[in-house]
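Trainee: There's a structure below that I have some questions on.
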Amino acid sequence: METILDYLDLRAKEIKDSLTHFMLNHSSIEPRKPYDEIWYVDPEGDRYYAALDSVGMKMQSYLSECYEQFYSMLYPLLKDQPEDVLSKITKSKEVITRTIDHRLTFCDNTKHALHLALVALEDQLKLLKAIG
C-alpha cells in the first residue's frame, strides 16, 4: 500500500515536471527598462513576468490547483513541528506560489525563478522526510 509520503513524492514530481515545462515554455521575465524615469522597487521584486498566452494561463491554473492540493496534504503533517520548521515551510510555499502566480520577482530570467521554486519544493519534501 502506498504511504502518504510516497504519494506526496509522486505529486511533487508531477508538479516539478509541469512547473519546469510552464516556466521554460510559457513564461518570460521582462527586462528592466533603463530609460524609465522612475524605477519602482518593491520588496518582493523589481521585475515583471510577461503576459501569458491561453495555454500558459491554463497551465498556471492547473499548477496552482495541484500545488494547493499538495500543500493541503503536506502542512497538516508538519503543523506540530517547531517554529523554525514552520517558518521554512511558509517561506518555501511563498517562493513556489509567487513563481506559479507570476508575481514580482528579483530573478533575471525564468530559469533562475524555476530553480528557486524547485529547490523550495525539494526543501518541503526534505522537512517532511526528516520527521518521518
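The values are calculated or read from the model by the stated rules, or taken from the named source; none is laboratory data. Here the structure is a predicted model, which means the values were calculated and not measured. Positions of Cβ are generated from backbone atoms using ideal geometry, with glycine treated the same way; all protein chains shown enter the neighbour counts.
Trainee: When only residues in segment 59-97 that are in contact with a helix residue (DSSP H, G or I) (Cβ under 8 Å, 6 or more places away or on another chain) and outside any helix (DSSP H, G or I) count, which is modelled with the lowest pLDDT?
Mentor: Among residues in segment 59-97 that are in contact with a helix residue (DSSP H, G or I) (Cβ under 8 Å, 6 or more places away or on another chain) and outside any helix (DSSP H, G or I), the one modelled with the lowest pLDDT is LYS79.
Trainee: Right, something else. Among the residues of segment 62-73, count how many are closer than 11 Å to ILE100 by Cα and either loosely packed, with under 12 Cβ neighbours inside 10 Å or among the basic types (Lys, Arg) (or both).
Mentor: Going through segment 62-73 one residue at a time, the tally reaches 1.
Trainee: Turning to a different aspect of this structure: Of the conditions (1) over 15 Å from the mean Cα position of the chain (by Cα); (2) buried (at least 17 other Cβ atoms within 10 Å of the Cβ), ILE89 satisfies every one except a single condition; which number is it?
Mentor: Result: ILE89 passes all but (1).
Trainee: Here's something else I'd like to know. Could you tell me whether segment 35-58 includes any residue that is modelled with pLDDT of 90 or more, in a helix (DSSP H, G or I) and in contact with a Ser or Thr (Cβ under 8 Å, 6 or more places away or on another chain)?
Mentor: For segment 35-58, residues modelled with pLDDT of 90 or more, in a helix (DSSP H, G or I) and in contact with a Ser or Thr (Cβ under 8 Å, 6 or more places away or on another chain): present.
Trainee: Looking at ILE100, is it among the β-branched types (Val, Ile, Thr) and at pLDDT below 95?
Mentor: Working: among the β-branched types (Val, Ile, Thr): yes; at pLDDT below 95: no.
So ILE100 does not fit the description; no.
Trainee: On to the next question. Scan segment 113-125 and give yes if some residue there is assigned to a helix (DSSP H, G or I) and over 13 Å from the mean Cα position of the chain (by Cα), otherwise no.
Mentor: Yes, segment 113-125 contains a residue that is assigned to a helix (DSSP H, G or I) and over 13 Å from the mean Cα position of the chain (by Cα).
Trainee: Determine whether ASP108 is touching a helix residue (DSSP H, G or I) at 6+ places or on another chain (Cβ under 8 Å) and either at pLDDT 95 or above or part of a loop (DSSP other than H, G, I, E, B) (or both).
Mentor: In short, no.
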